[in-house]
Amino acid sequence: IDKRVEKNDSPFRFIGSSPQGQSLWDKIRGYISGEISRVTVIGPFFDKGFAFLKTMQKQLSPREIFVGIDPTTVEMPEIPKGLNGIRFVDASNLLQRTTYLHAKAIYLESESKNNWLITGSANPSNPAWTASPEKRNAEAVILHSGTKAFSAAASLSIIKVQNYPEITASGWNEIAERLKKRKKKDGSSYA
């Protein structure tokens, strides 16, 4: 699934993936060009080992990666360690809301200012973006490019995430306590 919303040079594209065919990340990568200087990620759920974040870091080689989370609600399989160059920041005030931060977005900034914003159903996780077919989720996203990507990222306050404070020790403790309670309740670790 890859539909152009307007005409061939549209700044918006609907891109979907399923357990068959190319991964969502492979489809998106076909539209990304140039040197990426910064990646901003917003998400409520992450995969074990943060494999998808590592994939973006390795393949895009940005100078900076910011991951905006709400420490009071985020679901992580573990506390991140050894993720040099990836900064977790408190995005709890990103949007006015009454429930957990469910927003999922990736904003890619290039040296040439031909930016991309990806929004939709895909959490920043391996099952959503890069997993092998038998472990892959079905997902749907909108890829915004160029000035439309910047405008959308600005209106959603995603461009401000880089200025948010890093997660504090008490924030990490809150995440760790929730993880511990979930493991005790479920009897297993997050997958």
From the options Pro62, Pro80, Pro71, residue that is assigned to a loop (DSSP other than H, G, I, E, B) and modelled with pLDDT of 95 or more: Pro62
Only listed residue being closer than 20 Å to Ser151 by Cα, in contact with an Asp or Glu (Cβ under 8 Å, 6 or more places away or on another chain) and of a type in the set (A, V, I, L, M), chosen from Ile36, Ile28: Ile36
Among residues of region 14-44, those that are within 16 Å of Val141 (Cβ to Cβ), in a strand (DSSP E or B) and touching a helix residue (DSSP H, G or I) at 6+ places or on another chain (Cβ under 9 Å), counted: 7
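Conditions tested, residue by residue: (1) touching an Asp or Glu at 6+ places or on another chain (Cβ under 9 Å); (2) part of a loop (DSSP other than H, G, I, E, B); (3) polar (S, T, N, Q); (4) crowded, with 20+ Cβ neighbours inside 10 Å.
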residue: Ala103; (1), (2), (3), (4): no, yes, no, no
residue: Lys113; (1), (2), (3), (4): no, yes, no, no
residue: Ile118; (1), (2), (3), (4): no, no, no, yes
residue: Ala128; (1), (2), (3), (4): yes, no, no, yes
residue: Glu134; (1), (2), (3), (4): no, no, no, no
residue: Ile159; (1), (2), (3), (4): yes, no, no, no
residue: Trp172; (1), (2), (3), (4): no, no, no, no
residue: Arg178; (1), (2), (3), (4): yes, no, no, no
residue: Arg182; (1), (2), (3), (4): yes, no, no, no
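The values are calculated or read from the model by the stated rules, or taken from the named source; none is laboratory data. Nothing here was measured: the structure is a model prediction, and the numbers come from that model. So basically every Cβ, Gly included, is an ideal-geometry build from the backbone, and we count neighbours across all protein chains shown.
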